[in-house]
There are 2 protein chains.
Amino acid sequence: MRELTYQETAQWLQQCEDVCILIHRSPDGDCIGAGFALANILQQLGKRAAVVCEDAIPQRYGFLLPEDDVQPPSFTPKCVVAVDVADKKLLGHHTEETYGNQVDLCIDHHVSNVPYARNRCLNSSASATCEVLYAIFSQMPVTITDAVAACLYTGISTDTGCFQYDNVSAYTHHAVAQLMELCPDVPYAWINRKMFAVKSYGRLKLEQMLIDKLESHMDGKCMLICVTQEFMQKFALDDAQLEGIAGFPLQVEGAEVGVTMKEKETGVFRVSMRSADAVDVAAICSKLGGGGHVKAAGCQITGTLEEVKKRLLDAIAEGWNIR
Amino acid sequence: MRELTYQETAQWLQQCEDVCILIHRSPDGDCIGAGFALANILQQLGKRAAVVCEDAIPQRYGFLLPEDDVQPPSFTPKCVVAVDVADKKLLGHHTEETYGNQVDLCIDHHVSNVPYARNRCLNSSASATCEVLYAIFSQMPVTITDAVAACLYTGISTDTGCFQYDNVSAYTHHAVAQLMELCPDVPYAWINRKMFAVKSYGRLKLEQMLIDKLESHMDGKCMLICVTQEFMQKFALDDAQLEGIAGFPLQVEGAEVGVTMKEKETGVFRVSMRSADAVDVAAICSKLGGGGHVKAAGCQITGTLEEVKKRLLDAIAEGWNIR
């Protein structure tokens, strides 16, 4: 695998043709923003480009999609580019099978990135893949249109919790300032309100219930929440309604690690782990077969609720001691 | 009254002596950050300076205060500067009586600013008074220390809801990028977590109760919440615990106006009004004897709960039609 600089990546993108852009399953603001921003820029250069995702794009990101969004691509791809995909496993089963071994270029910001592409442009100091893309686009003869700016801003804003987390650098703020100068008509505040401030009344009622399900462990330093199949069925909840609850446990004062267990199917738990400051949850999750960022990681564990919870809490206690 | 440019204000500050810095009652992150940043800068220039506030500084902002914070000033002030104070009434009764008619300079960003000082440096396009101060400090022979950067960042971050609202401009992001470059050791993410992400378990339980108190009016376009004396006494709540609930009603999807009524004493309601986008709540509140920003304003109304609610809803309906 060859590591590319921003400049080399910009040149590569100018030369590619008929591009299939892959984003990860359970798509979030950063991979969706990155995927459609890149497609727009490549189309600007006269190329064919389409975004492919294993799962449907959640409705809340619908405003980022062009009207002629096509999936699967209506052309035979000559090049495959993955954006914000740290591991080809994260493409999802079908997409990995189709494209996993023929990715020409991976553009990413995850420190946990596992090489799978022929070329890689990785900046693990960047807050978001959209921040990496902005730096690359700055070296290309292209125009940052309102549609591109909306995509890039949404990716950066969502991956930083609206500029809240410590993945935000001076460059992040400079990049966003430049986006706002280039494209003053993009409704940035409206995007933020949509992404962060607004909840359906149903979501509020869900959070009201979740407060009662918060478990305090390790004297409150670890807060844990478990959403079982039974709970989801009882209140007719689906995955989309539970989006973003990974951050829920960590909002409690004094919590250093927040754990969310979601029972995917009976006995299979998808775990999200968030760290406030002191603990490296990427290290803990990678011991459990997962991965991610230092302060936001995940894994999947099989077993009974109590078994899984014990494995998690043991691993967290051990991770605490390691530092 | 004389209007000063940033340059003139910078010169004025370099020439002043023995400065008493006034901030508004019920102090928030912006006036506290502005007050202590200015005191620090003036002290750097060899001057005596002290921050005066009618009310105690809430504990959550304690990290911004210098250890030798003195109040009232241990010297006889020769100059009085008010920061983030849109109207001298907002100084609070005692402070207004003592200093209200002898304010030499007012530095502010509120569009509703009512002239009361001899000189005024007002930029109603700035997101925060701390953003105005950063621009002024940039024109002075001073060093932005970590303490000053923490103050300015906190003011900007809290007044923009962590860069979420539409008072954020490209300049806001550039200013913050520069603060991060000048002072990389300030724990910006820690400040944000403290200001935005963390809640006491008690606060979570309070919000759990507030969800049940949300009232939908005008087909959900206006969400209203009323915190009565009875409710506060029943759950032993004080004002500090209710800080920030003004934004609570507007988080409901579809809401355009969020209203929070807080019964200060029997029959006296302090009202906060927030607008998502379409409605000018400053205009509505000023008709009710209050004021503020287009999207965040307030007023105080006397009467029974039902009377006050009716006056509010009538004024909102009228304000809607005016546009």
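The values are calculated or read from the model by the stated rules, or taken from the named source; none is laboratory data. Note that this is a predicted model, so its numbers are computed, not measured. Neighbour counts are summed over all protein chains in view; Cβ atoms, including those assigned to glycine, are modelled from backbone coordinates with ideal geometry. Ligands, DNA and RNA are stripped out before the accessible areas are found, and what is left, the full protein with its side chains, is counted by its heavy atoms. Shrake-Rupley method; radii C 1.70, N 1.55, O 1.52, S 1.80 Å.
Table for the structure above
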read-out: Residue list for region A:269-290, restricted to those being more than 25 Å from B:ASN192 (Cα to Cα), open to solvent by 20 Å² or more (accessible area, probe 1.4 Å) and either in contact with an Asp or Glu (Cβ under 7 Å, 6 or more places away or on another chain) or in contact (Cβ under 8 Å) with a residue 24 or more places away in the chain (or both); value: A:ARG270, A:SER286, A:LYS287, A:LEU288
read-out: Pair list, Cβ under 8 Å, 6 or more apart: region B:201-222 residue away from chain A (no Cβ under 12 Å), other residue among the small types (Gly, Ala, Ser); value: B:MET218/B:ALA317; B:LYS221/B:GLY254; B:LYS221/B:ALA255; B:CYS222/B:SER216; B:CYS222/B:ALA255; B:CYS222/B:GLY258
read-out: Total residues in region A:297-323, condition open to solvent by 30 Å² or more (accessible area, probe 1.4 Å) and outside any helix (DSSP H, G or I); value: 4
read-out: Options A:THR143, A:THR154, A:THR76; residue that is among the hydroxyl-bearing types (Ser, Thr, Tyr) and either crowded, with 21+ Cβ neighbours inside 10 Å or not in a loop (DSSP other than H, G, I, E, B) (or both); value: A:THR154
read-out: One residue from A:ALA197, A:ALA189 being hydrophobic (A, V, I, L, M, F, W, C) and at pLDDT below 90; value: A:ALA197
read-out: Region B:48-73, residues that are open to solvent by 20 Å² or more (accessible area, probe 1.4 Å), within 22 Å of B:LEU242 (Cα to Cα) and touching a helix residue (DSSP H, G or I) at 6+ places or on another chain (Cβ under 9 Å); value: B:GLU54, B:ILE57, B:PRO58, B:GLN59, B:ARG60, B:PHE63
read-out: Residue that is farthest from the other protein chains (Cβ to nearest Cβ) [pool: residues in region A:132-159 that are in contact with an Asp or Glu (Cβ under 9 Å, 6 or more places away or on another chain) and not small (Gly, Ala, Ser)]; value: A:VAL132
read-out: Unmet criterion (only one of (1) under 20 Å from the mean Cα position of the chain (by Cα); (2) β-branched (Val, Ile, Thr); (3) open to solvent by 30 Å² or more (accessible area, probe 1.4 Å)) for B:VAL259; value: (3)
read-out: Pick from region A:215-260, criterion acidic (Asp, Glu) and in a loop (DSSP other than H, G, I, E, B), ranking: nearest to A:ARG25 (Cα to Cα); value: A:GLU243
read-out: Flag for B:ILE191 being in contact with a helix residue (DSSP H, G or I) (Cβ under 6 Å, 6 or more places away or on another chain), within 14 Å of chain A (Cβ to nearest Cβ), closer than 23 Å to A:LEU250 by Cα and open to solvent by less than 20 Å² (accessible area, probe 1.4 Å); value: yes
read-out: Test: residue in region A:86-105 that is surrounded by 15 or more Cβ atoms within 10 Å (Cβ to Cβ), among the acidic types (Asp, Glu), touching a helix residue (DSSP H, G or I) at 6+ places or on another chain (Cβ under 7 Å) and at positive phi; value: no
read-out: Output for region A:2-54, where each listed residue is part of a loop (DSSP other than H, G, I, E, B) and touching a Lys or Arg at 6+ places or on another chain (Cβ under 6 Å); value: A:GLU17, A:ASP18, A:GLU54
read-out: Output for region A:160-183, where each listed residue is more than 7 Å from chain B (Cβ to nearest Cβ) and at positive phi; value: A:GLY161
read-out: Checking B:ASP238 against (1) exposed (fewer than 14 other Cβ atoms within 10 Å of the Cβ); (2) touching a Leu at 6+ places or on another chain (Cβ under 7 Å), the condition it does not meet; value: (2)
read-out: Near pairs, Cβ below 7 angstrom, 6+ apart or cross-chain, from region B:127-142 (in contact (Cβ under 8 Å) with a residue 12 or more places away in the chain) to any residue that is among the acidic types (Asp, Glu) and open to solvent by 10 Å² or more (accessible area, probe 1.4 Å); value: B:SER127/B:ASP159; B:ALA128/B:ASP159
read-out: Failed item in (1) within 26 Å of B:VAL85 (Cβ to Cβ); (2) within 9 Å of chain A (Cβ to nearest Cβ), with B:LEU242 passing the rest; value: (2)
read-out: Qualifying residue in region A:158-166 (condition: closer than 30 Å to B:HIS174 by Cα, assigned to a helix (DSSP H, G or I) and touching a residue at least 60 places away in the same chain (Cβ under 8 Å)); value: yes
read-out: Hits in region A:196-214 - residues which are surrounded by 15 or more Cβ atoms within 10 Å (Cβ to Cβ) and assigned to a loop (DSSP other than H, G, I, E, B); value: A:VAL198, A:LEU214
read-out: Complete set of residues in region B:1-23 that are of a type in the set (Val, Ile, Thr) and open to solvent by 10 Å² or more (accessible area, probe 1.4 Å); value: B:THR5
read-out: Residue list for region A:262-277, restricted to those being within 14 Å of chain B (Cβ to nearest Cβ) and under 17 Å from the mean Cα position of the chain (by Cα); value: A:ARG274, A:SER275
